[in-house]
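The values are calculated or read from the model by the stated rules, or taken from the named source; none is laboratory data. This structure is a prediction, so every number in the text was calculated from the model and none was measured. No Cβ is skipped: glycine too gets one built from the backbone with ideal geometry, and neighbour counts run over all protein chains shown. Surface accessibility is based on the protein's heavy atoms, side chains included, excluding ligands, DNA and RNA. Shrake-Rupley method; radii C 1.70, N 1.55, O 1.52, S 1.80 Å.
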Amino acid sequence: MSRYNFRETEEKWQRVWRERRLFEVSTKPTTRKYYVLEMFPYPSGKLHVGHVRNYTMGDLVARYRRAQGFNVLHPMGWDAFGLPAENAAMAEKVHPAAWTRENIATMRAQLQRMGFAYDWSREIATCHPEYYRHEQKMFLDFLANGLAYRKEAWVNWDPVENTVLANEQVIDGRGWRSGAIVEKRLLSQWFLRITAFTDELLEAIQRLDRWPERVRLMQENWIGRSEGARVVFELAGRDERVEVFTTRQDTLFGASFVALSPNHPLAQKLAATDPGLAAFIGECNRMGTSEAVIETAEKRGYATGLEAIHPFDRQRRVPLYVANFVLMEYGTGAIFGCPAHDQRDLEFARKYGLPVIPVVLPPGADPAGFAIGDEAYVEQDGTLFNSSFLDGLTVAGAKRAAGERLEALGQGQRTTVFRLRDWGVSRQRYWGCPIPIIHCPVCGIVPVPEHDLPVTLPEDVSFDKPGNPLAHHPSWKHVRCPQCGGGAERETDTFDTFFESSWYFLRFCSARDSHAFDREAVAYWMPVDQYIGGVEHAVLHLLYSRFFTRALSRCGYLDLDEPFAGLFTQGMVCHQTYRSAAGEWLFPEEVERDDSGRLIGPDRRPVVTGRTEKMSKSKKNVVGLDAIVDTYGADTARLYLLSDSPPERDLEWTETGIEGAWRYVNRLWRMVSEPAVALPPPGAVVTGELAPEVDMLRRVMHRTVAAVGDDLDKFRFNRAVARIRELTNAIEEVPPAVLGTGAGPAVLREALETVTLLVGPMMPHLAEEMWQVLGREGLVAEQAWPVADPELARQEQVTIAVQVNGKLRGTLECPRDAEQSMVETAALQLPQVLRWLEGRPPRKVIVVPNRIVSIVA
RNA sequence: GCGGACGUGGCGAAAUGGUAGACGCAGCAGACUUAAAAUCUGCUCCUCAGCCGAGGGUGCGGGUUCGAGUCCCACCGUCCGCACCA
């Protein structure tokens, strides 16, 4: 019995595909296009099996759509800028560029060994100046169109590393690498005006009907629209006024304080003459930003001694505080506190002895007896009281009336605010795209002239000192001002790496163009028909890309708003974790079973098994891709990644699972290389009467074709695999004695060729080899997708279930679409049915054609 | 706290409101083999029963329906996202 030689086979067909440049595509305006894209990887080192699940899915889609006749664009590239390269530079003394280059070479080879149908002629790496020069130009165009600007912003500052940290780099209030407590600092940073598109970005989510519902929800929540009002509080005895934002203008008569964020300009101003306040603000800014800190932090305030005048009643005064729980980044950075109807305000009021005035009476409550205890009444259900002209109104009515009154008095206006903030793109990092700006002491901020682009990174940098290597490079930043010719300095910040990934999908449309992209190519290929990636990018990358596409359109690059028509978010690949007796993480291959079946580590001592978690280097629960491809081949790995779990759910990688996939690969191989009966030559036509078993096989085959197509369309890959396995089971269940007679061999050939075509997108190398062994010309990769004949897919004989009082009592074999009355009569004569009816006539009989007969006794 | 998803055999799972457990993993028994591997065959939701069969079963409790894993209500649990958002 021959075993499938995947090593030779996979190399052979990869060579054939490459030599024929099969997957290199060009724009063909007359052909239907299909753009499949998997989120491009960061070249972090070596791939493990968990990394390739989404590429396997993308490749399946690409090959399936090709077979359906689409002109398919399926490119691959590298999101090549980022921190790990700098960390490696520090730890291993390698240059980030060299480290990145080597990783790309390794990972490219790994992807090629998997046999993915990429158009490698379009490969890009974002760290290449030929890529990032275009985004420097884009940035300058954004600047000219008011979509990029510089402002002071509060950032997470790591005082040891001298750099800004992204929110996700702050863990428990400390820098993720230095361990230093992160501070809030005011810094000048570049921002992209994503908020110019807030309404559009929010509204267009509704039309992204091929996106997962939860991603759309996450984006909606992130943009976070809330309707309310800005309300002006004048300060007694001073010229200043405080503007607050509220969604509860209806509760203004319950106001008992006004609070400013510690970073509010007025708070800063007051602190200049109030050392106590200055100290309080300093404390607030040193407080961490992590969830844990926030959750445990107690609400604290500092009474400024000033008083705010109530906008509806100039006689009423409320104290002005600076409070640690008021965010500068949201609304106006100031709030009014209504303790009766907001839990935070209530805690604050109790702590500082402020009055709690209920103004919304819950339905059915007694106005005389209603009081607030430990819990604020936050439901927006009830009627207003204690509220002058708002008394008796509903919450909604009071919001409207209060808003109108504020506007009439000039004390505020109704407005909508969003949680979404502009995108800060400055990073104090070396391994990123330089921001093409020159700071001139005379002319100020001067864009680098277009003919001087790209601004490239200097190669001779040192990572010995903390902070940004670009900033302490001896010469790089010193330049002449393009405007006045005087001495000036380059901007030493680089872009956030989300900048590169916000337009790479456009670059793929014409990857070698001297412009960022060719308009016609983009018009042809975009939008991406099917985008595939992890849900961890549900907000940031996907939102930035949606914004970028709009911003580029506004700057005249494009005529497009949504880049991704279809999105699929795949689940993670998980694996059991192991620790040695000493508590160290162990790689799965370090764990083995001893004679008594216990799991033991390299030290021969028992291993502690932990929970099954996402594969990650830190926990060592990774299975290397090379090892799997060496042992089982790419097709086996691909099959396993597609077959065991629904694609959107997590997949648990197990040794037995991959073994099972390997068995099936060999089974398929044996079916075609040693067929049960001798096959007729290719092209044999099925004619004449078929034996019932053979006829059945043919019908199963057509049904399988229909079902697999449907499953692939709907991303139910695990089901598609199960269907194909059912078909192979059906083939093997026909006794050879029957299969060898009449048209049997021709039907077998038909079935084997069909299986070959169906597994083509999943196991492309095996499919090519099967095709060849079956004596067929050409490549599976060039064959059309099989089409089911509805006549032949139809079931002629159906099994109908018979229920009595809702319980299954028997089944009935009937011809398809049999007369209902006949089915009913037959059902009522079943012995089991007669027994349950006990001679009485049925009260009711329901016949669902071809499905079920339900009898009510 | 807010928002969302999910809960089915020993395990991964499948099931347009219509025979729950397809397909696979694991296990058991058998065949082939000197033996092992590979391969093949059969069995495997639970309880009672020699067999025929009967009863129960999709996290828990109700409801709608001839019929509910699927729809509705309430609860329990797990996971994910956001979160001092005014």
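For residues that are open to solvent by 20 Å² or more (accessible area, probe 1.4 Å) and within 36 Å of the chain's Cα centre (by Cα), scanning just the range A:333-351, find the one that is farthest from RNA strand B (Cβ to nearest atom). Let's see the steps before the verdict.
Of the residues in the range A:333-351, the ones open to solvent by 20 Å² or more (accessible area, probe 1.4 Å) are A:335, A:342-344, A:347, A:350-351.
Of the ones still in play, those that are also within 36 Å of the chain's Cα centre (by Cα) are A:335, A:342-344.
Working: A:Ile335: 4, A:Asp342: 6, A:Gln343: 8, A:Arg344: 5 Å.
That would be A:Gln343.
Filter the range A:60-97 for residues that are touching a Ser or Thr at 6+ places or on another chain (Cβ under 6 Å) and in a loop (DSSP other than H, G, I, E, B); which is nearest to A:Phe715 (Cα to Cα)?
Here the answer is A:Asp79.
Under 19 Å from A:Ile731 (Cβ atoms), more than 16 Å from RNA strand B (Cβ to nearest atom) and open to solvent by 20 Å² or more (accessible area, probe 1.4 Å): does that describe A:Glu753?
Values: under 19 Å from A:Ile731 (Cβ atoms): yes; more than 16 Å from RNA strand B (Cβ to nearest atom): yes; open to solvent by 20 Å² or more (accessible area, probe 1.4 Å): yes.
So A:Glu753 passes the test.
Starting from the range A:234-251, keep only residues that are near RNA strand B (Cβ under 9 Å from one of its atoms), then list their pairs with residues that are charged (D, E, K, R) whose Cβ atoms are within a distance under 6 Å, requiring at least 6 positions of separation or different chains.
Within 6 Å, the pairs are A:Phe245/A:Arg230; A:Gln249/A:Lys399.
Kindly provide the set of residues from the range A:551-573 that are open to solvent by 10 Å² or more (accessible area, probe 1.4 Å) and more than 16 Å from RNA strand B (Cβ to nearest atom), ordered by number.
Result: A:Ser553, A:Arg554, A:Cys555, A:Gly556, A:Tyr557, A:Leu558, A:Asp559, A:Leu560, A:Asp561, A:Glu562, A:Ala565.
Would you say A:Gly410 is open to solvent by less than 60 Å² (accessible area, probe 1.4 Å), of a type outside the set (A, V, I, L, M) and at pLDDT below 90?
Working: open to solvent by less than 60 Å² (accessible area, probe 1.4 Å): yes; of a type outside the set (A, V, I, L, M): yes; at pLDDT below 90: no.
Taking the combined requirement at face value, the residue does not satisfy it.
Among A:Val848, A:Val798, A:Val804, which is the only one that is touching a residue at least 24 places away in the same chain (Cβ under 8 Å), within 10 Å of RNA strand B (Cβ to nearest atom) and more than 25 Å from A:Gly709 (Cβ to Cβ)? Full working, then the answer.
Working: A:Val848 fails: touching a residue at least 24 places away in the same chain (Cβ under 8 Å); A:Val798 fails: more than 25 Å from A:Gly709 (Cβ to Cβ).
That would be A:Val804, the only listed residue that is touching a residue at least 24 places away in the same chain (Cβ under 8 Å), within 10 Å of RNA strand B (Cβ to nearest atom) and more than 25 Å from A:Gly709 (Cβ to Cβ).
Table: residues versus (1) closer than 23 Å to A:Lys399 by Cβ; (2) within 7 Å of RNA strand B (Cβ to nearest atom); (3) open to solvent by less than 50 Å² (accessible area, probe 1.4 Å); (4) not in a loop (DSSP other than H, G, I, E, B).
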site	(1), (2), (3), (4)
A:Phe325	no, yes, yes, no
A:Leu354	no, no, yes, no
A:Pro363	yes, no, no, no
A:Tyr377	yes, no, yes, no
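Do any residues in the range A:665-679 that are more than 12 Å from A:Ala746 (Cα to Cα) and acidic (Asp, Glu) have Cβ atoms under 8 Å from those of residues that are within 9 Å of RNA strand B (Cβ to nearest atom) and modelled with pLDDT under 90, where the two are at least six apart or on different chains, and which pairs are they?
Cβ pairs passing all conditions: A:Glu674/A:Met1.
From the list A:Ala255, A:Ala259, A:Ala267, which one is of a type in the set (Gly, Ala, Ser), out of contact with any Phe, Trp or Tyr (no Cβ under 6 Å at 6 or more places or on another chain) and surrounded by 24 or more Cβ atoms within 10 Å (Cβ to Cβ)?
It is A:Ala267.
Of A:Val694, A:Val708, A:Val721, A:Val672, which residue is buried (at least 20 other Cβ atoms within 10 Å of the Cβ), part of a helix (DSSP H, G or I) and within 10 Å of RNA strand B (Cβ to nearest atom)? So that I can check it myself, show each step before the final result.
Details: A:Val694 fails: within 10 Å of RNA strand B (Cβ to nearest atom); A:Val708 fails: within 10 Å of RNA strand B (Cβ to nearest atom); A:Val672 fails: within 10 Å of RNA strand B (Cβ to nearest atom).
Checking each option against the conditions leaves just A:Val721.
Residue by residue through the range A:724-744, note down the ones that are within 37 Å of the chain's Cα centre (by Cα) and crowded, with 18+ Cβ neighbours inside 10 Å.
A:Ile724, A:Leu727, A:Thr728
Among the residues of the range A:449-471, write down those that are farther than 19 Å from A:Ser426 by Cβ and either touching a residue at least 40 places away in the same chain (Cβ under 8 Å) or charged (D, E, K, R) (or both).
Within the range A:449-471, the subset farther than 19 Å from A:Ser426 by Cβ is A:449-452, A:459-460, A:462-465.
Within the range A:449-471, A:Glu450, A:Asp452, A:Glu459, A:Asp460, A:Phe463, A:Asp464, A:Lys465 qualify.
Go through the residues of the range A:612-624 one by one and say whether even a single one is of a type outside the set (D, E, K, R), on the phi < 0 side of the Ramachandran plot, away from RNA strand B (no atom under 12 Å from the Cβ) and not in a loop (DSSP other than H, G, I, E, B).
Within the range A:612-624, one or more residues are of a type outside the set (D, E, K, R), on the phi < 0 side of the Ramachandran plot, away from RNA strand B (no atom under 12 Å from the Cβ) and not in a loop (DSSP other than H, G, I, E, B).
Results for (1) of a type in the set (Gly, Ala, Ser); (2) without any contact (Cβ under 8 Å) to a residue 40 or more places away in the chain; (3) open to solvent by 10 Å² or more (accessible area, probe 1.4 Å), shown as yes or no for each residue.
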{"residue": "A:Gln14", "(1), (2), (3)": "no, no, yes"}
{"residue": "A:Glu24", "(1), (2), (3)": "no, no, yes"}
{"residue": "A:Lys28", "(1), (2), (3)": "no, no, yes"}
{"residue": "A:Thr31", "(1), (2), (3)": "no, no, yes"}
{"residue": "A:Glu38", "(1), (2), (3)": "no, no, no"}
{"residue": "A:Lys46", "(1), (2), (3)": "no, no, yes"}
{"residue": "A:His51", "(1), (2), (3)": "no, no, yes"}
{"residue": "A:Gly58", "(1), (2), (3)": "yes, no, no"}
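Would you tally the residues in the range A:1-12 being in a loop (DSSP other than H, G, I, E, B) and surrounded by fewer than 19 Cβ atoms within 10 Å (Cβ to Cβ)?
4
Out of the residues in the range A:630-656 that are farther than 18 Å from A:Arg3 by Cα and open to solvent by less than 10 Å² (accessible area, probe 1.4 Å), which is nearest to RNA strand B (Cβ to nearest atom)?
Within the range A:630-656, the subset farther than 18 Å from A:Arg3 by Cα is A:638, A:640-656.
From what's left, open to solvent by less than 10 Å² (accessible area, probe 1.4 Å): A:638, A:640-642, A:647, A:651, A:653.
Values: A:Arg638: 15, A:Tyr640: 9, A:Leu641: 12, A:Leu642: 12, A:Pro647: 9, A:Leu651: 7, A:Trp653: 10 Å.
Applying the filter and picking the extreme gives A:Leu651.
One line per residue, one yes/no per condition, for (1) hydroxyl-bearing (Ser, Thr, Tyr); (2) touching a residue at least 24 places away in the same chain (Cβ under 8 Å); (3) touching a helix residue (DSSP H, G or I) at 6+ places or on another chain (Cβ under 9 Å):
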position: A:Gly353; (1), (2), (3): no, no, no
position: A:Val356; (1), (2), (3): no, yes, yes
position: A:Leu361; (1), (2), (3): no, yes, no
position: A:Gly364; (1), (2), (3): no, no, no
position: A:Tyr377; (1), (2), (3): yes, yes, yes
position: A:Asn386; (1), (2), (3): no, yes, yes
position: A:Leu390; (1), (2), (3): no, yes, yes
position: A:Ala398; (1), (2), (3): no, yes, yes
position: A:Gly403; (1), (2), (3): no, yes, yes
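So, restricting to helices (runs of 4 or more DSSP H) that lie completely within the range A:787-857, which ones have at least 2 residues that are within 49 Å of the chain's Cα centre (by Cα) and exposed (fewer than 14 other Cβ atoms within 10 Å of the Cβ)?
A:790-793
Taking the range A:424-446 on its own, how many of its residues are surrounded by fewer than 21 Cβ atoms within 10 Å (Cβ to Cβ) and not hydrophobic (A, V, I, L, M, F, W, C)?
4
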